[in-house]
Amino acid sequence: MTRTIAIIGALNEEIAHIAEALANTTHATAASLDITCGTLAANSGEELSVAATVGGMGLVAAAATTQHLIDVYHPEAIIFSCCVCPSAPLASM
């Protein structure tokens, strides 16, 4: 059985980089989400199934996205991607 992980990003740029690393990609649209699915080889040689999407900004968007991915893809783990702009001062974030 292939293990599945879900990756949620707040911005398109975050998920675009992840999607580029996936093989055998497909796209699904559901619950106002564009979900990129594919496979990724782990260092152990195991092939993981990945569902990656942009969840949007905010707690409610993240919660709704997380619940949808759990219901549909049944991931063993959920990773929240976070990109911080290096030119922005920390006090403004």
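Would you mind telling me the antiparallel percentage of the DSSP bridges in the chain, rounded to 5? Among the beta bridges of the chain, antiparallel pairing accounts for roughly 55 percent. Using a 10 Å Cβ count of at most 15 others and DSSP loop calls, identify the longest part of the chain lacking such GluC sites (Glu not before Pro). By the stated rule (loop sites, at most 15 other Cβ atoms within 10 Å), 1-45. The modelled label-to-label distance between residue 12 and residue 27, using points 7 Å beyond Cα along the C-beta direction, is 1.0 nm. Less than 5 angstrom separates the built amide H of residue 54 from those of 9, 34, all sequence-distant by 5 or more or on a different chain.
Angle of helix 12-21 to the longest C-alpha principal axis of the chain, folded into 0 to 90 degrees and rounded to 10: 30°.
Under the rule a/c < 1.5 gives rounded, and otherwise a/b versus b/c splits prolate from oblate, where does segment 14-88 land using the Cα gyration tensor? In terms of gyration-tensor shape, oblate. With contacts taken as Cα pairs under 8 Å at a separation of at least 6 residues, the chain carries a relative contact order of 38 percent.
Against the longest principal axis of the chain, how steep is helix 59-73, in degrees 0 to 90 to the nearest 10, with axes from Cα atoms? So the inclination is approximately 0 degrees.
Computed from the coordinates by the stated procedures, all read-outs in this text should not be read as laboratory data. Quick caveat, the model's predicted, so the values are computed rather than measured. Don't worry about glycine lacking a Cβ; one is built from the backbone with ideal geometry, like all the others, and counts go over all protein chains shown.
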